[in-house]
Structures are given as structure tokens and as C-alpha cells.
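Trainee: Structure below; questions to follow.
What follows is calculated from the coordinates using simple rules that are stated; it is not laboratory data. Fair warning: this is a prediction, and the values are worked out from it, not measured in the lab. Virtual Cβ from ideal backbone geometry, glycine too; neighbours counted across all protein chains shown.
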Amino acid sequence: MAETIQLEVTRYSPEKDSAPSFQKYEVPLRKDWVVLDALNYVKDKQDGSLTFRWSCRMGVCGSCGMMVNGEPKLTCATFLSKYAPGPVRVEPLRYFPIVRDLVVEMSDFMAKFRKVKPWLVRKDDKPLSEGEFLQTPEQLEVYKQYSMCINCTLCYAACPVYGLDPFFIGPAAIALAQRYNMDSRDQGSDERMDILSQHEGIWGCTFVGECTKACPKNVDPAGAIQQYKLAATMNWFKTLLAPKAPR
Amino acid sequence: MDIFPHDILLVGGGGAGLRAAIAAAEVNPDLKIAVISKVYPMRSHTVSAEGGAAGVAKADDSLDEHAYDTISGGDWLCDQDAVEAFVKEAPQELLRLERWGCPWSRQDDGHIAVRAFGGMKKMRTWFAADKTGFHMLHTLFQTSMKYTTVERYDEWFVTRLLVDEGRIQGVVAIELMSGRIAAILAKAVILCTGGCGRVFPFTTNANIKTGDGMALAYRAGAFLKDMEFIQYHPTGLPFTGILITEATRAEGGYLVNKDGYRYLQDYNLGKPEPKPVLRSMELGPRDRLSQCFVKEMERGRTLHGPYGDYVHLDLRHLGEKLIDTKLPFVRELCLKYENIDPVKEMIPVRPVVHYMMGGVDTDINGATSLPGLYAAGEVACVSINGANRLGSNSLPELLVFGARAGRAAAEFALQQHAAGSAVYTQAEDERRGIEALLAKIGGTERIADIREAMQKIMEKSAGIYRTGASLDEAEAQLLQLQERSSRITLDDHNLTFNTQLMTALELSFMLDVALSMVRCARQRTESRGAHQRSDFPARDDKNFLAHSMVSRKLDGTAQVEYQPVKITRWPPGERVYGQPAEKAAQG
């Protein structure tokens, strides 16, 4: 194995640059290093102005998503040696506006996230003294995988529909809605359906499944989108068949 | 300079901060509440907690038993009134999270499932597989979005607390996105910034865990408490420091030395049984297990690796099905980061800095010694953890005391008038200081060099075992580093998302925190829980059944005084684990 590997990293400062460019760095190629370790090496030893987000370095906080050689990846869970002999191209997540270097603008995602009412909706709550809502392991299993989303937004960077239509509410938000819809304790699926069916983006998804492939946590947003389409269609049929009030 | 007024500010958007925000919002819907966090709240370090959250749930258990386990686990340094409140409210808080949708693991009949945990005599640890903190944080964050009176300042970094007329008046913070510096005013401020594991080189803690809240409070004149008590978790992956949850041992994993021998049996922790025995062997408390590792290393019975010595955690006998159901994250972490499969191979592990028992001194409602300033979660020291926290007590702690602090801060804020003009001057001073650091050129020191030097000093001199001489040396070296840090220069002079500026400010926080740890450790000439002095190996209740209270004197140096531990019903006794503990409990 070579002793070093070259990184090609996107650099962009809105204060200085009219457009993003690439900068090359030579870093040690160590067997147990992930791409994030290489970026930190640059920041600590070579160039403290290189800017990126990271925190847990164990694949659960969701901060360090970037494009690595064109694919959306958690850089803390992507070994550098996989790309030997290099170079390794590290870019900000695709389809998001760039704030600086590898940092992208998240506020659009955060707004969409809130829009789907990602909390448990109950019409008939009971006092705490009456104990928990019962839920069997089988009922838990139904929504469990959707609850594993870490909001890393790799699925947005993988989604061709989001690339064309930034108004598309997107894979993670739909998976999150489905996480609550399928929870046996929740009673809010009608409210969420109203929100999601307001926009056509969901119908634009052609089930290419890129989102599911990109997910580092084995969530299946593509499946959630298909379930949603089906449920929305069923609702629409129900409204056709329902008895109408006299005009 | 922009000025944003609020009633209550939460500094930190992890579990404690979000729970406190919701609690405050529920006190009075007219209160203007804001959560300031240097990362988006769902990135907060609560997300990494794995094993579970303790709260009495089953008929064979009792609040008193949870209290006793906590107090003996803390080597009698816990304030027992706080522990009593904690064990009483923990089950309700965990239940409330269930109502908010937390996907707790269940029994076949649909009721909440509980598992065993280290130092706990009964099964009382609620869990969501082995991603408990992740699910709790996401549940809290998503639920907090229902509360429209809770505003958020995401990716804002707090640099200073504003104090005037003897009470807290707000903070100064930098918006990372734009670089603008603003005064965010409030009648009450709750610090929920978590711990400071990054003071050490090898830690389970995320990059953001730099002791910000502790340093902010200390600089504002509040007391820090019991800063010498630093928890080493016995099982971290070498190199990365990734935590392998105690739940692995609760489910029946073995800790073995280089000969495949379950070495804990040699250290007064009970006899090895094939199945896990509560409060025994691998289910002993974390301080003891980490100390046993050092002893085992001294006997030459550990393995040697490129990142230091290690032992093995063996899960192979648990089988693939149990591992995939109860410990899926452990398998994922081992496969992804260590390239080993715990179904077939043993996991290399070594003790790793994990948690701060100490923190900002608070009363039972989260109030600090500075009026209007509150703290909850790991940043705070109530103290329910004493000299050693039991695994699965920190998650319910952030709920119970987050909620208490939120309510108390709301009541306080409702009685206060808005800030006076003196704070504007303070805020302007702070802004000028930050701008000067940003603009400075010609320095000679790099941030990473000083940080790495600090981490080495702390591991060498203030680790699992300390001595007076090692601590004296550490203090002198840290003071030198503080002096060197005044010569730091930044490569990055941009306003937009300047993470290097933030890193420089975090380093100065960490140096303050490290010095307070060393100071407290130096002065406590006894061994208790996680604080082991090789030169004073015995516990000394006569002189040190007391909390270390450290504050900053006018000349900038740290001063340590003592405050007696509150004892309600459990007089200090011997800490016994393994078989004799069963006898003691029956007796």
C-alpha cells in the first residue's frame, strides 16, 4: 500500500470565490483511517481553513455526509483505503446549496422535516398513571426500520427527483411520516396524508430506489414512498365511491 | 450588534435541553423560549448513548433498591435527596417518552421490556435495542417541534454568559452560518451542553464534547463540583474509542484476558457463572472494571496492540439471533469500524473516557449558585452520580433534571424584569474580543498541537490512577499550555462557517475544565469511586465525605472548598460486589 493518498476537496468561500474549485492535499494512507480522519488530518496539520461538519465518528449523529468519488457517504464510515491508490474526490452533498467548502445549507430539509408532523398524534390521550400504550414486538417491527433514520440527508443527494424539483418533500421526510403512520400508537396518518398529497413530487418518484441504496442505516425510503402512493390512491378511490350529499 | 430578547434560553439541544424546553413551554405558553445549539439538535451527543435508561418498572423492584444501587455505586458521594427525587421521577419520565412515541423494546405481551445493567441489583433498564439515546433524542426533538413557542438557534455557538445585577441576563453567541455575533438575552439560562470527554485523547465522546457549559459557568462565577470524578467505561474499541455498550455484558458477554480467562474473578467481583449475575463479575460497576484492567495490564495479562493494551469482550456464545435482536448496533459498529464480526470473533476493548460525574453545581431543581442560571444533564452535578455513575442512570437523569430545571427556570423567569443596559457593554466587549482573535495574524501556535498536548497530559497524569506528583506536574504543564494558547493564530479569517474559530474557543474552554479537574484531584487525598490516588489508596470519610467545590478567584486561579454530602437514609457503608453483595442485601 502506498504511504500517502491524494484528496481532491471542494473549496468555496462566498466571501472570496465566485465558484467552487478543487484543492489537492496529500495525506497519509492508513489502514484504519476513514475519509473523515483524512479531512481532520488536513485541518489539524495542513490547512485549518478547510471546513466540514462532523461529530460522533460512529455513524449515528448524521453530520458528516459528503460525496466521496461521486457517491453520497458518511465519511466517518468510509475507509480511505477503499479508494487507493487515489485520488479521492470529496465534495459537498449533491443538490444542496453550498455554504462553505463541504458544508451545505440544511434549512430546506429542516423545514420539510417539520412539515410532516413528525410526532405521535393522539386523539384520545390517557393519564400517565394508566401506564404505557401496549405495543407488541411485532407491532414495533412494522415501523422500526423507518425510525432508524439519522437525518444525514444522503438520500436527498441520491434522489434524481429532488435534483430536478427542489420542492419535492424528499425521501427522509416521507420515511419519517411513515415511521409515525405505521406506529400502532399513532392516530395522525390522515393529517399527514393531507400534507403529503398536496405536492406532486411524490408522484414524480419513479421508484428508482437510489435513496434506499444510499441509506447508511438500511432505512427504505423508496418503500415508504410506494406505500404512500398506494394509500393516497386508495383514499382518492374512497372519495369517489363515498355517498355524496345532495346538491 | 444584534440583540434578541427571550424569557428562557437553553444552551444545548440534546436530551436535557429539549426536555427542559418542553417543560418550560408547558409551564406557561406565553414564555418566549429558545434553544441555542452549536449543532442541529439531532446531532447532539445524547444520540450516541446505547444501552438504556434505568427506572423502576417491575413488581419485584422498588425505588429504594434503585436508590441504594445508585448511592453505593457512587461510593456514597451522591446527594441522597437528589437520588430519591431521581428514582421516583425516572419511571414517569420514561413513560412520558413512551407517550411521545419512543420505540422502547417490548415484551411479548406489549409491555415495556427491561434489561440488566452494571451495578444494578434488579432488571430496570428500559432500552430501545442498543440505540436508546438515539431514539430518545429523536423522539424529544421531533416532539419539541409541536411546541410553537420554542424557537431554535441551530448552529450558534455560545461564547460567554452575560451577568449583571447579580443574576444571569443572557449570552453572547456566534451564528456559524454568517459569522455574526449577537447578544441573546434572557431572564433565565439553562446550560445543557453535556460533558467534556474531548479533554482526553481516548474517549467515547463526540467532537462537540468540549466542556463549553462548564467553562462558561465557571467564568461567570458559578461553582463547579466534583470535577475530579471522570468515568472510564471499561469497553471501548481501540483507536476510535467507539463505545461497546455495557448491554453486551448485561446480555451475557464475558471479559477475558490474553489467556481467555475471565479475570474479574481475581478482583473481588464474584465468581464466574455461565449466565450473568446481577451486581457481579462483568456486571460490576464501571470504575471497578476499568481499574481491574489496569491491574491486569500490570500483571502482564493483557494483549498488546498498536493503540495500547487491550482485553477481549466475548459475545460468541450469545448467538447471532440474540445479538441481532438486542445488540444490532454493536454488531454494525464492529463490522464497520473494526472489521470483525462479534458473532464469530472476540471484540478488542480497553477502558475509555466516557462521562463526567462532576459539573456545574446545582440544587435539586437545577439552580446553580448564580441566580437565573440553571444546568441539567451531564454538564451539571446535582449530584446523583457521586464518585461513579451507574450505567443507564444518565439518560433518565437528563429527563428528570431537565424537566425540573425547565419548570424552575420558567417560574424564575416569570418574576424577573428585562436586562439592564450594562449587559450591552459586556456583549460589545465580547464581540470585540472575538473579532480580534479572528483578525489576528503572526501567531506561532497551532490549535491541534496544544489540544494534543493537553490530552496527553490528562491521560498520563489524571487518568484511572493519579498521584500528587503527577497532578502537580499536570497543573504546571496545563498552565504553560494556557500561556501558549494566547499565541494561537488562525488560518481561517472568513466569517462564513468558521469552524477553526470555534475550535480555538473550545480549546480555551477545555483548558479551563482540565485545570479544574486537576485542581480538585490534587486536593482530594483519598481514593473514592473513579478517583483513585495511588498515594492515598483508601476512602477517607472523615475528611472527604464531601463535594469538591471549585470556583475562579479574582486573579484567575482555581480555589477548591468542600461541601458536605447530603445523607438521608443510607449511611456510608462498604461497597460490595459479587456474592457477598447478595448477603449484604439480605442482611
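Trainee: Between region B:511-584 and region B:53-71, what's the alpha-carbon centroid distance in Å?
Mentor: What the calculation gives is 24 Å, centre to centre.
Trainee: Give me B:Arg466, B:Arg389, B:Arg539, B:Arg167 sorted ascending by neighbouring Cβ count inside 10 Å, so fewest comes first.
Mentor: Working: B:Arg466 25, B:Arg389 29, B:Arg539 20, B:Arg167 16.
Ascending Cβ contact count within 10 Å gives the list B:Arg167, B:Arg539, B:Arg466, B:Arg389.
Trainee: Starting from region B:270-349, pick out the trypsin sites (Lys or Arg not before Pro) whose DSSP state is loop and whose Cβ has at most 12 other Cβ atoms within 10 Å. Walk me through the numbers on the way to the answer.
Mentor: Values: sites: B:Arg279, B:Arg286, B:Arg288, B:Lys295, B:Arg299, B:Arg301, B:Arg316, B:Lys321, B:Lys326, B:Arg331, B:Lys336, B:Lys344; in loops: B:Arg279, B:Arg299, B:Arg301, B:Lys344.
Passing sites in region B:270-349 are B:Arg299, B:Lys344.
Trainee: Which angle between 0 and 90 degrees, to the nearest 10, do you get for helix B:80-99 versus the longest principal axis of chain B when only C-alpha atoms count?
Mentor: Relative to chain B, helix B:80-99 is tipped by roughly 90 degrees.
Trainee: Expressed as a rounded percentage, what relative contact order does region A:107-241 have, with Cα pairs under 8 Å and six or more residues apart? Let's see the in-between values first.
Mentor: Values: 152 pairs, mean separation 41.8, N = 135.
Here the relative contact order equals 31 percent.
Trainee: Amide H of B:Ile488 versus every other amide H placed in the peptide plane: which residues, excluding those fewer than 5 positions away on the same chain, fall under 5 Å?
Mentor: B:Glu445
Trainee: I'd like the distance separating the alpha-carbon centroids of region B:399-478 and region B:77-147, in whole Å.
Mentor: If you average the Cα positions of each part, the centres end up 31 Å apart.
Trainee: Follow-up. Across the residues of B:124-130, average count of Cβ atoms on other protein chains within 10 Å? All intermediate terms of the calculation are to be shown ahead of the outcome.
Mentor: Working: counts 0, 0, 0, 0, 3, 3, 0.
Shielding by partners across B:124-130 averages 1.
Trainee: Apply the Karplus curve 6.51 cos²θ - 1.76 cosθ + 1.60, θ = phi - 60°, to the phi angles in region A:29-40 and return the couplings in whole Hz, x for Gly and Pro.
Mentor: 9, 10, 4, 9, 8, 9, 4, 4, 4, 5, 5, 5
Trainee: Taking 8 Å as the Cα distance limit and 6 or more residues as the minimum spacing, I'd like the relative contact order of region B:235-351 as a percentage. If you can, show how the numbers build up before the last one.
Mentor: On the way: 167 pairs, mean separation 37.7, N = 117.
Here the relative contact order equals 32 percent.
Trainee: Students often get this wrong, so check it: of B:Lys58/B:Lys122; B:Lys275/B:Lys321; B:Lys121/B:Lys271; A:Lys123/B:Lys88; A:Lys31/B:Lys131, which have C-alpha atoms separated by over 21 Å?
Mentor: On the way: B:Lys58/B:Lys122 9 Å; B:Lys275/B:Lys321 17 Å; B:Lys121/B:Lys271 16 Å; A:Lys123/B:Lys88 29 Å; A:Lys31/B:Lys131 28 Å.
Too far apart for the 21 Å limit: A:Lys123/B:Lys88; A:Lys31/B:Lys131.
Trainee: Please build a GNM for chain A, connecting alpha carbons under 10 Å apart, and tell me which residue among A:Phe168, A:Phe52, A:Phe237 fluctuates the most.
Mentor: Comparing A:Phe168, A:Phe52, A:Phe237 in a Gaussian network model of chain A, the most mobile one is A:Phe237.
Trainee: In degrees, nearest 10, range 0 to 90: what is the angle between the Cα axis of helix B:63-73 and the longest Cα principal axis of chain B?
Mentor: So the helix axis and the longest Cα principal axis differ by about 90 degrees.
Trainee: So between B:Thr467 and B:Gln265, what do we pick up on full extension, going 0.36 nm a residue minus the alpha carbon distance?
Mentor: Details: separation 202, 0.36 × 202 = 72.72 nm, distance 2.69 nm.
Using 0.36 nm per residue and subtracting the Cα-Cα distance, I get 70.0 nm.
Trainee: To the nearest 500 deg cm²/dmol, what mean residue ellipticity at 222 nm is calculated for chain B from DSSP H runs of n ≥ 4 alone, each contributing -39,500 (n - 2.57), summed and divided by the residues?
Mentor: Numbers: 16 runs with 205 residues, N = 587.
My calculation for chain B gives -11000 deg cm²/dmol from helical runs alone.
Trainee: Also: Return one number: the angle in degrees, 0 to 90 and rounded to the nearest 10, between the long axis of the Cα atoms of helix A:221-241 and the longest principal axis of the Cα atoms of chain A.
Mentor: 20
Trainee: Could you pull out the pairs from A:Lys16/A:Lys213; B:Lys258/B:Lys326; A:Lys126/B:Lys326; B:Lys326/B:Lys456; A:Lys144/B:Lys187 whose alpha carbons sit more than 32 Å apart here?
Mentor: Values: A:Lys16/A:Lys213 36 Å; B:Lys258/B:Lys326 27 Å; A:Lys126/B:Lys326 30 Å; B:Lys326/B:Lys456 36 Å; A:Lys144/B:Lys187 41 Å.
Checking Cα-Cα distances, A:Lys16/A:Lys213; B:Lys326/B:Lys456; A:Lys144/B:Lys187 exceed 32 Å.
Trainee: Find out how many positive minus negative residues lie around A:Val60, taking Lys and Arg as positive, Asp and Glu as negative, among other residues whose Cβ is under 12 Å from that of A:Val60.
Mentor: Working: positive: A:Arg57, A:Lys217, B:Arg43, B:Lys131, B:Lys336; negative: B:Glu50, B:Asp130, B:Glu332.
Result for the neighbourhood of A:Val60: +2.
Trainee: Looking at chain A, identify the longest residue range that excludes and avoids all GluC sites (Glu not before Pro) in DSSP loops having at most 15 other Cβ atoms within 10 Å. Working shown, then result.
Mentor: Working: sites that count: A:Glu3, A:Glu15, A:Glu105, A:Glu200.
That gives A:106-199 as the longest site-free run.
Trainee: Okay, next question. Please arrange A:Arg179, B:Arg124, B:Arg99, A:Arg114 by how many other C-beta atoms lie within 10 Å of their C-beta, fewest to most.
Mentor: Working: A:Arg179 25, B:Arg124 28, B:Arg99 18, A:Arg114 14.
Least crowded to most crowded, the residues run A:Arg114, B:Arg99, A:Arg179, B:Arg124.
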